[in-house]
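Worksheet for the structure shown next.
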Amino acid sequence: MKNYINLSDIEDLPELLEDALKLKEHNSDPELGKGKTLGMLFFNPSLRTRLSTEKAAKLLGMEVMVMNVNSDGWALEFEDGVVMDSNKAEHIKEGAAVLSQYCDIIAVRAFPELKDKDKDNAEMVMNGFKEYASVPILNLESATGHPLQALTDALTILELKQVKRPKVVLTWAPHPRALPHAVPNSFVEMMQKMDVDFTITHPVGYELNSDVTKDTPIIHDQEEALKDADFVYVKNWSSYEHYGDVLRADNAWTFNLEKLQHTNNARVMHCLPVRRNIVIADEVLDSDNSVVIHQANNRTFAAQAVLKKLLKN
Ligand code: CP
């Protein structure tokens with residue numbers, strides 16, 4: 001694996017998942033990363049991604065350096081050929097080249113601005129690092145994808161499923177702020193690769209990018225979609241068509257006990273952080289059906305499996 005920027009960078013998904021499961025049971029490679037350094041650059045906040053990836057690297061014997069770019073680093077210019085007379089003091093060409101001398105893997109988190117769809121879809125930050133760094137790039141959540149989260153989600157479903165081909169439903173839920181499409185995009189792409197019966201449900205107007213959803217069934221009646229689900233992944237995202245807009249903020253789609261009762265006693269997933277009693281009700285998050293903490297624990301082992309692949313490259 002040269003980089004882990006998109007799910008398409010995975011060469012053998014079953015093997016990667018099996019390795020992550022094995023690493024969870026037993027840390028078989030504590031020396032693989034000895035003498036190597038992971039540099040993590042955060043343009044946005046994080047709890048799980050930051051700490052689970054740092055833990056994963058340390059479990060492999062790596063050194064870790066973390067920088068909150070917006071507060072600690074020079075503002076980076078990603079456009080080519082510009083006269084740099086704005087507040088941006090360093091070009092990605094020098095920045096990525098210099099970091100490649102200090103780090104053996106560069107990991108980057110850079111959210112979308114949710115103002116200009118084409119600009120966000122261009123993934124300027126992630127692609128800038130890919131182009132100008134000479135070491136592997138690890139996506140810690142970009143404008144359009146969160147592949148480490150999706151690998152974690154696949155691992156969680158694989159571990160907890162009780163039937164060979166479970167029914168998995170991705171349901172939109174409300175949120176007061178405009179959230180990106182990265183997590184649902186990557187979850188959809190991952191479910192399309194897995195042997196699951198997968199459905200998406202959301203209100204009209206919240207269609208994800210059709211290049212991502214492809215022929216995955218989309219049902220606008222949440223109750224109907226949830227029927228007999230074995231896993232429910234609850235997530236908010238802003239409108240893609242009316243790019244970045246919050247079209248509704250009522251609680252009709254909040255995932256509560258009444259919604260859970262339509263399912264096959266489903267395991268309830270969320271990437272976290274989650275706003276209680278807006279996205280998911282207390283009564284669900286505090287029930288045995290919620291696997292969000294288990295899911296967050298799996299972040300470490302998914303990251304460890306990916307770092308192993310990048311180190312072995
Ligand atoms: N799920 C996730 O990426 O969590 P953080 O934003 O806290 O890293």
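Bear in mind these aren't lab numbers, they're just calculated from the coordinates by the rules spelled out. In this text, all values refer to a predicted model and were calculated from it rather than measured experimentally. Here Cβ is always computed from backbone atoms with ideal geometry, including for glycine, and neighbour counts include all displayed protein chains.
Whenever a residue of the stretch 186-205 is among the basic types (Lys, Arg), its partners that are in a loop (DSSP other than H, G, I, E, B), lying with C-beta atoms within less than 9 angstrom and at least six residues away or across chains, give the pairs Lys193/Ile10. If you go through the stretch 229-244 and keep only what is among the aromatic types (Phe, Trp, Tyr) and either surrounded by fewer than 20 Cβ atoms within 10 Å (Cβ to Cβ) or outside any strand (DSSP E or B) (or both), you end up with Trp237, Tyr240, Tyr243.
When the test is whether a residue is in contact with a strand residue (DSSP E or B) (Cβ under 8 Å, 6 or more places away or on another chain), more than 27 Å from Lys34 (Cβ to Cβ) and without any contact (Cβ under 8 Å) to a residue 24 or more places away in the chain, His146 does not pass it.
Looking only at the stretch 173-187, residues that are crowded, with 24+ Cβ neighbours inside 10 Å and either polar (S, T, N, Q) or away from the ligand (no atom under 16 Å from the Cβ) (or both) come to 2 in all. Among (1) surrounded by fewer than 23 Cβ atoms within 10 Å (Cβ to Cβ); (2) more than 26 Å from Leu47 (Cβ to Cβ); (3) in contact with a His (Cβ under 8 Å, 6 or more places away or on another chain); (4) aliphatic (A, V, I, L, M), where does Leu208 come up short? Looking at each condition in turn, Leu208 falls short on (2). Considering each residue of the stretch 266-287 in turn, none proves to be part of a helix (DSSP H, G or I), within 16 Å of the ligand (Cβ to nearest atom) and touching a residue at least 40 places away in the same chain (Cβ under 8 Å). Can you tell me which residue in the stretch 131-156 is farthest from the ligand (Cβ to nearest atom), limited to those that are in a helix (DSSP H, G or I) and in contact with an Asp or Glu (Cβ under 9 Å, 6 or more places away or on another chain)? For the stretch 131-156, the residue satisfying everything is Tyr132. Filtered by the rule that a residue be among the charged types (D, E, K, R) and in a loop (DSSP other than H, G, I, E, B), the stretch 171-213 gives Arg177, Asp195, Glu207.
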